[in-house]
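Just below is one structure, and these are the notes that go with it.
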Amino acid sequence: MPSSEEVVAQRHDHLNRFKSLLSQCDLFIFTLGLTEAWFHRATGLVYQTAPGVAAGDFSSEEHEFRSLGFAEILGDMLAFRDIAKSINSEMRFLLTVSPVPLTATAEPRHVLVSTVRSKSVLRSVAGELAESFDDVDYFPSFELLSTPFLGPSLFEANKRSVQRIGVEAVMRSFFDAHEGVIVSAQTDVAEVKTSEEVVCEDALLEAFAPR
């Protein structure tokens, strides 16, 4: 049976490995995805999914829901940039915003409203960072997939999963925009997983949803 000591040891190992990765990193690519989060009240720890959805039990005394705003997210991103640059001063950053809409919201409103609010905040944060620092760039994968006047929808019938053709179109745009700057094996990037192969928090939410 795993112990709390094992969890702490593995967390330290993970953090050490991540620090090592940062020290060797030329370009850190980060996708902003969500603004809704569940916190552990006593420690401020952020949970991967809502407590009680895939594991554990929810307690209103122990857990707190928060819909993060522009200032708090920007502050967190600035803090991470400072930490990363203290480890590797030459590191550069590339930001994107996930085009995938929310599958559920903890706010007392329609999920569509929460989705637009979330993406608007994250896009604003990404834009602020890219406009403020020479070492931060923004790639508009969100706009390429979510702007209706660009053509037919590139989402699957479920309106959430991006079609393979959409992913390929975005990646072509990415490499065209960064030709000669980013050296990468494009054949590796082309091996995009289909929506059926993707495993994420949304799958957990669906699997554990009440029937």
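Just so it is clear, none of the values below were taken in a lab; they were calculated from the coordinates. Everything numeric in this text was worked out from a predicted model, so none of it was measured. Because the Cβ atoms are built from the backbone with ideal geometry, glycine has one as well, and the counts that use them run over all protein chains shown.
Laid out as a table, the results:
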read-out	value
Inter-label distance for VAL8 and ALA157, nm, one decimal - labels placed 7 Å from Cα along Cα-to-Cβ	5.2 nm
Order by protection proxy (mean Cβ within 10 Å, highest first), peptides 60-69, 149-158	60-69, 149-158
Distant-in-sequence amide H partners of ARG92 (H built 1.01 Å from N, under 5 Å)	LEU27, PHE28
DSSP beta bridges in the range 1-156 [antiparallel fraction, %, rounded to 5]	40 percent
Most positive-pole-ward Cα, PHE149, THR105, SER86, against dipole of the range 60-173 from beta carbon charges	PHE149
